[in-house]
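See below for the structure under consideration.
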Amino acid sequence: LPPRHMDSVVQIVEALESTDHGFTGTVPELARALGGCSTPGCRAVLGEPPDVPPAPPTLSREQWLLFTQLLHHDDAAPERGAVLAPDGSTVALGPLLAGVEVGLKRAAGWPVPTVEPLVDALYAVTIAEALGTSFLLARDGYGNRAALGPGGCWDDVDDPQNYTLLGPPSPIPDAIANGAMDGVLLGARLARAPIPLADLLRGYYGTGNGTEKGRPPSSYRRRDFGVLTGPEKLEEEVAAMLRVLRVLPPTRELLENVGPEEVAAIARQAARDFTEVYVECPAIVPRCMWGARPYRGTPKLLTLPLGSVYIHHTFIPSTPCRTFAACADAMRSMQRFHQDTRGWDDIGYSFVVGSDGYLYQGRGWHWVGAHTKGYNSKGYGVGYVGDFSATLPDPDIIALVRDGLLPCAVRTGRLHHNYTLRGHRQMGHTDCPGNSLFHEIETWHGFK
């Protein structure tokens, strides 16, 4: 089959939009016919799905098979309908295309759906039902499941076919969260100004040649979703959706012993946790996504929370990496140098900062690194890709660590609230992290 990549999806959408393809509805309605929005709440808001049409003649057999597989909803494995986007994130098509359908309907003057109590259709079909259901099930301790996450990894980022979760599944793995946020953002945009879906997706994800121009808009999804959707709005929509699910026959039993106060508490917790994990905390690309070699030897466990953070620049590579492919390549090259030339067990940094808007997992939150001699067990080492002796990282890449990673590490118990921040040069004989970056971090919270 074609790779499970957003490029493949854009090609399919383009073929479906290019001609009279024998299906009377829109591409999102076709997606719903194939099972892309088959949950009870989604059906209540958007109506029963259309019948599955015959395979459109404009698609190859392989394209039709891929599209059918991506939209087939599986409660036990919601991440199976996911594709790899050019920015390195993984996006589930179901909530994405459901949000797009609401946006298109609104642009065409769609009357508000007659669901009681009233819900915001855009949030109902993307995030509110999944979030409410996930926290409802977690509260009942269904197999002690978590309510959010985990992330996952592809078998091959050049020809992605199989996506494997990195832990026990919840109804909202990262792929569903990404698809839901994108569905809200793109649905809201289409409601204001409809454009062909292939153009919208290509522009947002930077498919085809778009990625060579630097960061695609999808890499800003957390920021943009947070601007559009505060925790109060999310809480309100999750609570409204739970009240809808209470009266729908398929889900009535799930909520029969849940009182109004408990519904409010579940909605509050769901909105707060989702906002912390997917809006306030930055995305971290796991090792398996950038192609890490195995750790050599036995990693030593850190004792959390830590009291320090040490800021570095990589110096080599000297050029900031601005795409997923370039940053993943930089990570592999640094790991080779640290393991083969320096003789270390692994890449030295705890986290590495790309100018593509993503953090990359080195040793991560739990393992002692090799970044700041004599202090590796006392703090995290965070390295910016590039040489920042004379220039600074972009402002939003500075903010990624200062306003994203560090407050997130404090809130999640990995870093003391009164942590100390230092540049590598303060701890040893080195110019790292470069004059420009060092003068910048002198202004950060915790700098000593």
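The criterion of at least 1 residues that are among the aliphatic types (A, V, I, L, M) is met by the following helices (runs of 4 or more DSSP H) wholly inside region 235-346: 260-275, 287-290, 324-336. For region 33-57, the tally of residues that are part of a loop (DSSP other than H, G, I, E, B) and either outside the structural domain of Leu137 (by the TED database) or open to solvent by less than 50 Å² (accessible area, probe 1.4 Å) (or both) stands at 11.
Summed over region 343-366, the residues that are open to solvent by 30 Å² or more (accessible area, probe 1.4 Å) and under 16 Å from Trp290 (Cβ atoms) give a count of 1.
Restricting the first member to region 151-169 and to residues that are over 14 Å from Arg80 (Cα atoms), and the second to residues that are open to solvent by 70 Å² or more (accessible area, probe 1.4 Å), the beta-carbon pairs closer than 7 Å and six or more apart or on different chains are Pro168/Arg145. For region 181-194, residues that are at pLDDT 95 or above and either closer than 22 Å to Pro395 by Cβ or open to solvent by 60 Å² or more (accessible area, probe 1.4 Å) (or both) total 3. Taking residues in region 246-259 that are in the same structural domain as Ala138 (by the TED database), and partners anywhere that are among the charged types (D, E, K, R), the pairs with Cβ atoms closer than 6 Å and at least 6 places apart or on different chains are Leu255/Arg246. With respect to the conditions (1) under 16 Å from Ser219 (Cβ atoms); (2) free of Cβ contacts under 8 Å to residues at least 24 places away in the same chain, Asn376 falls short on a single one, namely (1). If I filter region 376-398 for residues that are in a loop (DSSP other than H, G, I, E, B), surrounded by fewer than 20 Cβ atoms within 10 Å (Cβ to Cβ) and of a type in the set (A, V, I, L, M), do I get at least one hit? Checked region 376-398: at least one residue is in a loop (DSSP other than H, G, I, E, B), surrounded by fewer than 20 Cβ atoms within 10 Å (Cβ to Cβ) and of a type in the set (A, V, I, L, M). Residues in region 429-439 that are assigned to a loop (DSSP other than H, G, I, E, B) and either in contact with a Pro (Cβ under 8 Å, 6 or more places away or on another chain) or open to solvent by 30 Å² or more (accessible area, probe 1.4 Å) (or both): His429, Thr430, Asp431.
On the stretch given as region 322-337, residues that are over 24 Å from Leu421 (Cα atoms) and open to solvent by less than 40 Å² (accessible area, probe 1.4 Å) total 6.
Here is a yes/no grid of residues against (1) polar (S, T, N, Q); (2) within 19 Å of Ile127 (Cβ to Cβ); (3) open to solvent by less than 30 Å² (accessible area, probe 1.4 Å):
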residue: Gly203; (1), (2), (3): no, no, no
residue: Gly206; (1), (2), (3): no, no, yes
residue: Ser218; (1), (2), (3): yes, yes, yes
residue: Thr229; (1), (2), (3): yes, yes, yes
residue: Leu234; (1), (2), (3): no, yes, yes
residue: Glu237; (1), (2), (3): no, yes, yes
residue: Leu254; (1), (2), (3): no, yes, no
residue: Ala271; (1), (2), (3): no, yes, yes
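Taken together, the criteria place Val91 among residues that are open to solvent by less than 20 Å² (accessible area, probe 1.4 Å) and in contact with a helix residue (DSSP H, G or I) (Cβ under 8 Å, 6 or more places away or on another chain). Just one of the listed residues (Val115, Val13) is buried (at least 21 other Cβ atoms within 10 Å of the Cβ) and either more than 25 Å from the chain's Cα centre (by Cα) or at pLDDT 95 or above (or both), and it is Val13.
Suppose the filter is farther than 30 Å from Ile12 by Cα and out of contact with any helix residue (DSSP H, G or I) (no Cβ under 8 Å at 6 or more places or on another chain); does Val258 pass it? So Val258 does not fit the description; no. For region 137-150, the condition holds for at least one residue, the condition being that it is outside any helix (DSSP H, G or I) and either in contact with a Leu (Cβ under 6 Å, 6 or more places away or on another chain) or of a type in the set (Val, Ile, Thr) (or both).
Taken over region 222-234, the residue count meeting the criterion of being small (Gly, Ala, Ser) and either assigned to a helix (DSSP H, G or I) or in contact with a Phe, Trp or Tyr (Cβ under 8 Å, 6 or more places away or on another chain) (or both) is 1. Checked against (1) among the hydrophobic types (A, V, I, L, M, F, W, C); (2) crowded, with 19+ Cβ neighbours inside 10 Å; (3) more than 24 Å from the chain's Cα centre (by Cα), Ala108 meets all criteria but (2). Taken over region 133-167, residues that are modelled with pLDDT under 90 and either open to solvent by 50 Å² or more (accessible area, probe 1.4 Å) or not assigned by the TED database to the domain that holds Ala82 (or both) amount to 7. Name the one entry in Gly423, Gly428 that is of a type in the set (Gly, Ala, Ser) and touching a residue at least 60 places away in the same chain (Cβ under 8 Å). The match here is Gly423.
The values are calculated or read from the model by the stated rules, or taken from the named source; none is laboratory data. Since the model is a prediction, treat every value here as computed from it, not as a measurement. Ideal geometry is used to build each Cβ from the backbone, glycine not excepted, and the neighbour counts take in all protein chains shown. Heads up: the accessible areas ignore ligands, DNA and RNA and are worked out on the full protein's heavy atoms, side chains in. Shrake-Rupley method; radii C 1.70, N 1.55, O 1.52, S 1.80 Å.
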